[in-house]
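Quick notes on the structure that follows.
Please treat every number below as a calculation from the coordinates, not as lab data. The shown structure was predicted, so the numbers you read here are calculated from the model rather than taken from an experiment. Cβ atoms come from the backbone with ideal geometry, glycine included; neighbour counts cover every protein chain shown.
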There are 2 protein chains.
Amino acid sequence: MLSIGDLSRRTGVKVPTIRYYEQMGLLAAAERSEGNQRRYERGDLERLAFIRHARDLGLDISAIRELISLSEHPNQPCADADRIASDHLKAVREKIEKLKKLEQELARIVSHCDGDHAIEDCYVIRSLSDHGLCDGEH
Amino acid sequence: MLSIGDLSRRTGVKVPTIRYYEQMGLLAAAERSEGNQRRYERGDLERLAFIRHARDLGLDISAIRELISLSEHPNQPCADADRIASDHLKAVREKIEKLKKLEQELARIVSHCDGDHAIEDCYVIRSLSDHGLCDGEH
DNA sequence: TTAAATTCCTCTAGAGACTAGAGCATTTCG
DNA sequence: CGAAATGCTCTAGTCTCTAGAGGAATTTAA
């Protein structure tokens, strides 16, 4: 049986975060010691690793909750799990596209500024003041 | 003189957001009508456009506050403004890199799943359960 | 065995950038 | 003038944690 601190050390998930996941219903409420402290076993460790992994991939809590619930029905088809992952992939790709546009605009603005002008001539400031100096439609 | 609703319509910034920017010190506290309602003039409109533009580029409130304060000293050199924009550009690029790694991992996971297996064989679920199936170090 | 050190508990609040709603006041328009 | 629209302040909610207070349990060292 592991204490919450043990679990934290083994997974790299901070103690308050573990309690938070329990509160959010991702981890089942742990057994308690006589003194009311949480006690975990191997299964909890695996599930926490699952959660951590999914979070690292950027999935949000509700998506993870859904995946966990799916994984508890091993005989169902996995179309739903596929959809969750695919949707997320799509969202990630969209975010990348947005950030690339941003990057271009920022790079353009910065490239006009050598840090050597007075503020009143600064391209950074002027670009922000005057949308007309922009390329795209952000 | 514009009401807060007028200002909102002209800039596309929602009314509560305008009040929020005032509270955050980005917009100076507006003049008030006899009945205590905010009244704006052209200068406020320009500043709000500046703020909106900077937010669209992803700059956070404190960076914008700094840029505004810089823009009020037109004779200072613009190195600081340049640094703010450059730092942000760097952060955007880093975020893009992270998301690209994520995208690859997700794409790999999804590509192994045709949505047609049982959950217990689902590559999406298995990947999350077993970090060993991963490519990179996320 | 007992004292000290560490870990644990719950609860509340804060981060960032808004958004929504309650309950009431002002302004505008017909 | 009266109704509708807009405005005001204040509080609380979003999301995923993180930090801290104040106190209890557990572990380690003397």
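Got at least one residue in the stretch B:1-8 being within 14 Å of another protein chain (Cβ to nearest Cβ), within 22 Å of residue A:131 (Cβ to Cβ), of a type in the set (Ser, Thr, Tyr) and within 16 Å of DNA strand C (Cβ to nearest atom)? So far as the stretch B:1-8 goes, no, none of its residues is within 14 Å of another protein chain (Cβ to nearest Cβ), within 22 Å of residue A:131 (Cβ to Cβ), of a type in the set (Ser, Thr, Tyr) and within 16 Å of DNA strand C (Cβ to nearest atom). Every condition in (1) over 21 Å from residue A:63 (Cα atoms); (2) within 12 Å of DNA strand D (Cβ to nearest atom); (3) basic (Lys, Arg) holds for residue A:9 except the one numbered (2). Residues in the stretch A:82-111 that are touching a residue at least 12 places away in the same chain (Cβ under 8 Å), more than 7 Å from every other protein chain (Cβ to nearest Cβ) and under 25 Å from residue B:69 (Cα atoms): 1 in all. For the stretch B:43-55, the count of residues that are within 23 Å of residue A:95 (Cβ to Cβ) and small (Gly, Ala, Ser) is at least one.
Selection of the stretch B:6-36 for residues being under 20 Å from residue B:69 (Cα atoms) and not β-branched (Val, Ile, Thr) yields B:19, B:20, B:21, B:22, B:23, B:24, B:25, B:26, B:27, B:28, B:29, B:30. Where helices (runs of 4 or more DSSP H) sit wholly within the stretch A:9-81, those with at least 2 residues that are within 14 Å of another protein chain (Cβ to nearest Cβ) and within 14 Å of DNA strand C (Cβ to nearest atom) occupy A:42-56.
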